[in-house]
1. Note down all Cβ pairs under 7 Å where the first residue falls in the stretch 254-272 and is on the phi > 0 side of the Ramachandran plot, the second is near the ligand (Cβ under 10 Å from one of its atoms) and of a type in the set (Lys, Arg), and they're at least six residues apart or on different chains.
2. Which condition does LEU252 not pass, out of (1) within 12 Å of the ligand (Cβ to nearest atom); (2) out of contact with any Leu (no Cβ under 9 Å at 6 or more places or on another chain); (3) open to solvent by less than 50 Å² (accessible area, probe 1.4 Å); (4) over 21 Å from PRO53 (Cβ atoms), if it passes all the others?
3. All but one of (1) closer than 26 Å to ASN247 by Cβ; (2) assigned to a loop (DSSP other than H, G, I, E, B) hold for PRO77, so report the exception by its number.
4. For the stretch 223-249, how many residues are without any contact (Cβ under 8 Å) to a residue 40 or more places away in the chain, open to solvent by less than 10 Å² (accessible area, probe 1.4 Å) and not acidic (Asp, Glu)?
5. Report, by residue number, each residue of the stretch 254-298 that is more than 16 Å from PRO205 (Cβ to Cβ) and touching a Ser or Thr at 6+ places or on another chain (Cβ under 8 Å).
6. Among the residues of the stretch 73-93, write down those that are open to solvent by 50 Å² or more (accessible area, probe 1.4 Å) and either closer than 20 Å to HIS52 by Cβ or in contact with a helix residue (DSSP H, G or I) (Cβ under 7 Å, 6 or more places away or on another chain) (or both).
7. Do you know which residues across the stretch 268-287 are in contact with a Phe, Trp or Tyr (Cβ under 7 Å, 6 or more places away or on another chain) and more than 16 Å from the ligand (Cβ to nearest atom)?
8. Restricting attention to the stretch 234-249, and to residues there that are over 17 Å from PRO294 (Cβ atoms) and assigned to a loop (DSSP other than H, G, I, E, B), which single residue is farthest from the ligand (Cβ to nearest atom)?
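The values are calculated or read from the model by the stated rules, or taken from the named source; none is laboratory data. Just so we're clear, the structure is a prediction, and the values are computed from it rather than from any experiment. Cβ placement follows ideal geometry from the backbone for every residue including glycine, while neighbour counts extend to all protein chains displayed. With ligands, DNA and RNA removed, areas are computed over all heavy atoms of the protein, side chains included. Shrake-Rupley method; radii C 1.70, N 1.55, O 1.52, S 1.80 Å.
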Amino acid sequence: MGWRNLADDLGVDRLGELTQLDRIVDPVRAVVQRAAKPPAVKDFLHGTWAGHPLHPALAQLTVGAWVGAAVLDLLRPGRDGSAAASTALVATGVASAVPTAAAGLVDWAELHEDQQRIGLVHAAINVGALTLYSASLVARLRGRHQVGRQIAYAGVALGGVGAMIGGHLSFRWAAGVNHNEHVFHVLDGGWHDIGRFDELDDGKPSRREIGEVALVALRRRDRVDVLVDRCSHLSGPLHEGALSTVNGVTCLVCPWHDSAFAVDDGSVQRGPATAPQPRFEVRVLGGVVQVRGPLRASS
Ligand code: FES
């Protein structure tokens, strides 16, 4: 008999099938996309500059502050200035929840539809937790610490459910993770033929393969650059994307959510992707294009 697990028992995956949620998902997504239109704001909130999503890093601050307050409330209720300390922690969590939510919403707006349904439930539960913690903060600031503690216990329980669904969205549904890490573990690091140089159209991305790994090759005059074809954001096919100049760099633009990767080194020039696109060393021998790799961004 196989193992059961909490996420399956609670039916978290079924949230992704609830098309009724689209009545809320669609207008919320439109509002988020309109609000985060400036590319600099969007990329900052995605965490493109950090090399991984900003939302989970900020969530640590929010959840950590609230859990810290809960521990103080439980172990030292009202003693030795702990009321002031837990009030400060609750306030820190409430204040940090705003940028945490903003980063999460911007990421959420660029997910697949079923992921967005799960993400909507995650967000709604967290809004509930934030509301409870805000009420707890007001009660504490008015000197009603016992009431504040009780409301916060409900908040930490609700926030725990929200965090569990958020974790499930990342680790089971692969939202926010690098979709190309596996290629470093399935290729042997040797040279591989990917076709003849004169078969590549100048300036037009074309799909090639090494075993199960799809590549995108781009010839520009005498030069050929080769990247992994599946976008690191959510596996969009880069060979169907367009060439564009972003930040003064020639980029391949993903046809799904518009991430832009520098053709010559795979670096992210525009999100929502945060992980660079793995690239390959290229040589042409006897008119045949050969590649070796993939190479990590730091190599
Ligand atoms: S799959 Fe989302 S930007 Fe490529």
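1. Partner pairs satisfying both residue conditions: ASP258/ARG270.
2. Result: LEU252 fails condition (2) only.
3. (1)
4. Looking only at that region, the number is 3.
5. If the condition is that a residue be more than 16 Å from PRO205 (Cβ to Cβ) and touching a Ser or Thr at 6+ places or on another chain (Cβ under 8 Å), then VAL268, ARG270, GLY271, PRO272, ALA273, THR274, ALA275, PRO276, ALA297 are the ones that fit.
6. Passing the criteria: ARG76, PRO77, GLY78, LEU89, THR92.
7. Answer for the stretch 268-287, where residues must be in contact with a Phe, Trp or Tyr (Cβ under 7 Å, 6 or more places away or on another chain) and more than 16 Å from the ligand (Cβ to nearest atom): VAL284, GLY287.
8. Applying the filter and picking the extreme gives GLY248.
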